[in-house]
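Report on the structure given below.
Here, each number is a calculation from the coordinates, and none is a lab measurement. Model, not experiment: these values are computed from the prediction. With ideal geometry, Cβ positions are generated from the backbone for all residues, glycine too; neighbour counts draw on all protein chains shown.
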């Protein structure tokens, strides 16, 4: 995990260096005098060698200093800190919905293989993985906001202001985020469950005369979850990427909106900060997934 | 299911007398199995049709993609405009047909970039192992830490929006998709006796890789190509949707969908049909991908 994190930091530093323009000039604006530019360049360490600059930058990152926004002149870490919880909530609810619906559907479909229900689930799952998230979001708006008028088409309400309205606002974005995950988890958990149900120990459980429901949900589920959890972990990153788009559909003030505004204003420190934080979150998620294996399968140990 | 796979070779004696070994060559076997998947064929047929439409868009389109007609702004689907018109009175069907060019072109080139780099890296890593393997795979891990769409968005931000840059951005983002699969396949091929025999016979490293290792990786690569095409087309649409892709007035499915959102109340078809085009294309690619992976590994049906 540490080498990957280090790699992520190096990759983002390369992005910092590849970003067009002079950071000192961008920070000071066009009216800055050459002396002033020189002074700021020196203060930022831009007149040193690349390895030195990397060292300074890395030390900053480790202390939570991700640089200063060219536009708002605020610390990038502060900007991200106010937006991250919004996106994180979206991602967590989206993941929870996707995992719940996807795994349940996949398990049922495997237990009733080759029935009409199975065909229905596999078809819906295929639709789920083929659906562009932003289009699904728009379809949801068409149905629930414009035709039925049940939910607000866009916007965000803080939890502290009105919990009910907050929940209403969060529902459609997290549904659109979760649809792809639900589809891919249904497909994977079905395959995995089909394989598990063919194992000897499952036959033993059935031979003991246990109800099929107990065999599937108690005996087989835990073993069949291992490959599914791998997919879940891998998809969490994609889901965070998808949040960037979904936030645009629903005018949601998360890190995705922060990122896109920063891109349109060429506010590179913010762009790099967001990318770094999201990548770090993905790496952390993979660690959590690795730890989940040891709980699902006690035979797996990490020294 | 397993017993079926084992039983198959026994049926060979009843095969037709005409060149049985040619008919049983892996690619024929794969094609025969693929044919059994009707849905995969439906997907393949749709993709063929789409490619044809993209190639002949200027002939078959009822209108010109940039022709504006303010007297038919935001008109619903009709005999004159099958899928309706947009806010400039442009024909949506025409623009979707032209948009397929962008999607397919970017999809194919991006997958070409990702595939070429990913396959070469994966083969080298899997075949030579050791430090090369560690370095390549750690790089892939780092690349995978960035969500593909986010990585593509960031690369676009640094390079600036243009069609070529979209291809590069998506191409880079999906390198690990190929590198990991190819490496894994090479690792299963390498211990085979025929590979050892070729090495004992004194084959050079280049010959080993191209003649003895590479052919075995083709099946998994074909499956990855269909998957990667689906992802790439979704990613292209997402970038266009965010305004970071191919720039207007060139029609792209993603940008049409995005502009249509403004008129979602009075003209829902404006945003609906471009999205449907993306959905059906990706669905077809997924159907073909499913069919191909079944054909390669019938156990996992």
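Cβ-Cβ distance of residue B:194 and residue A:168, R₀ of 56 Å, FRET efficiency by 1/(1 + (r/R0)^6): the value works out to about 0.35. Across the stretch A:82-296, C-alpha contacts under 8 Å between residues 6 or more apart give a mean separation that, scaled by the residue count, equals a relative contact order of 29 percent. For the protein assembly as shown, the square roots a ≥ b ≥ c of the C-alpha gyration tensor eigenvalues yield an a/c under 1.5, which makes the shape rounded. Would you give the gap between the C-alpha center of the stretch A:176-192 and the C-alpha center of the stretch A:123-166, rounded to a whole Å? With the stretch A:176-192 and the stretch A:123-166 each reduced to a Cα centre, they are spaced 19 Å.
Scattering from chain A was approximated by placing one identical point on each alpha carbon and applying the Debye formula without solvent; log10 I(q)/I(0) at 0.09 1/Å stands at -0.59.
With the simple spin-label model, which puts each label point 7 Å out from Cα in the Cβ direction, the residue B:164 to residue A:295 separation comes to 5.0 nm.
In this simple spin-label model, placing a label point 7 Å from the Cα along the Cα-to-Cβ direction at both residue A:42 and residue A:160 gives a separation of 4.4 nm.
Which of B:83, B:158, B:50 moves the most in a Gaussian network model of chain B with Cα springs under 10 Å? Between B:83, B:158, B:50, it is B:158 that shows the largest mean-square fluctuation. Round to a whole angstrom and tell me the spacing of the C-alpha centers of the stretch B:62-114 and the stretch B:127-185. Each part's Cα centre sits 31 Å from the other's. Put a dot 7 Å past the Cα of residue B:266, heading toward its Cβ, do the same for residue A:104, and the two dots end up 4.2 nm apart.
Which of B:113, B:96, B:60 ends up with the largest GNM mean-square fluctuation for chain B, with Cα atoms connected below 10 Å? Of the options given, B:60 has the highest mean-square fluctuation. Starting from the Cα gyration tensor of chain B, take the square roots of the eigenvalues, sort them a ≥ b ≥ c, and report rounded, prolate or oblate (rounded when a/c is under 1.5, otherwise prolate if a/b is larger than b/c, else oblate). Oblate shape, in that a/c is at least 1.5 and b/c is the bigger or equal ratio. Legend: calculated FRET efficiency, residue A:32 to residue A:284, from the Cβ-Cβ distance at R0 = 41 Å, rounded to 0.05, equals 0.55.
Using a Förster radius of 51 Å, what is the FRET efficiency between residue A:52 and residue A:96 based on their Cβ-Cβ separation? Nearest 0.05, please. Once the sixth-power term is evaluated, E becomes 0.70. Entry note, chain A: the mean residue ellipticity at 222 nm calculated from DSSP H runs of n ≥ 4, each adding -39500 (n - 2.57), is -24500 deg cm²/dmol after division by the residues and rounding to the nearest 500.
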